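Trainee: This is the structure I have questions about; it appears just below.
What follows draws every value from the coordinates through simple rules; no lab data is involved. A quick note: this is a predicted structure, and the numbers were derived from the prediction, not measured. Please note: Cβ atoms are built from the backbone with ideal geometry, for glycine as well, and neighbour counts cover all protein chains shown.
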Amino acid sequence: MSFDPRSLERLRELGRQLPRPLPTPVASSTAEPRASKRRHRIETEDDPQALFQELMQVSPDGTVPPHLMARLKAAEAKRQTQESAEGVRQQQGEMNPFDRSSSARKGKTTVAKTPPLTPGSTEESLYVAFGQLLLEDEDEDEI
């Protein structure tokens, strides 16, 4: 394919105006990657009590920056949620009316089958409450 001299010159002008690729930066061999840098225990601690102790050791006058206080509060809230969920699971396990070993179910030949439910869900608590109502109703009928 051939171009007339005028078009060829125009193409050369456009070629001069095109951006050139930037040179690739040379990685410094002395600089460590950020992920491998050692982080302070305040940044990695999840236990609220240990985090509080670290904050008090680092702070000369007992003041804590707001972002670290927010981190401490979040760690405490997370711990409380885990503990309350664990307590609810244990409590529901003790009061489960569909458990075969339950004293309220002794002597019964039928066992209620519950669908698979996630622990702590609304559906599970409704099933437990309904089962308790049935047991209370059975107790009143026997009297």
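Trainee: How big is segment 39-88 by the Kirkwood estimate over distinct Cα pairs, in Å?
Mentor: Computed over Cα pairs of segment 39-88, the Kirkwood hydrodynamic radius comes out at 11.5 Å.
Trainee: Along the charge dipole of segment 39-88, which of Phe52, Pro65, Ile42 sits closest to the positive end, that is, farthest toward it, with unit charges on the beta carbon of Lys, Arg, Asp and Glu (+1, +1, -1, -1)?
Mentor: Value: Pro65.
Trainee: Per residue of segment 126-135, in order, report the coupling 6.51 cos²θ - 1.76 cosθ + 1.60 (Karplus, θ = phi - 60°) as ³J(HN,Hα) in whole Hz, putting x for Gly and Pro.
Mentor: 5, 4, 5, 5, 5, x, 5, 4, 5, 5
Trainee: With θ set to phi - 60°, apply the Karplus curve 6.51 cos²θ - 1.76 cosθ + 1.60 along segment 10-24 and write out the HN-Hα couplings as whole Hz, x wherever there is a Gly or Pro.
Mentor: Coupling constants for segment 10-24: 5, 5, 5, 5, 5, x, 6, 8, 5, x, 8, x, 6, x, 6 Hz.
Trainee: Please rank Ser2, Ser125, fewest neighbouring Cβ atoms within 10 Å first, as an exposure proxy.
Mentor: Values: Ser2 5, Ser125 13.
In increasing order of surrounding Cβ atoms, one gets Ser2, Ser125.
Trainee: Report the full-extension gain for the segment Thr118 to Leu22: residue separation times 0.36 nm, less the Cα-Cα distance, to one decimal in nm. Write out the running numbers ahead of the final one.
Mentor: Values: separation 96, 0.36 × 96 = 34.56 nm, distance 5.47 nm.
Length gained between Thr118 and Leu22: 29.1 nm.
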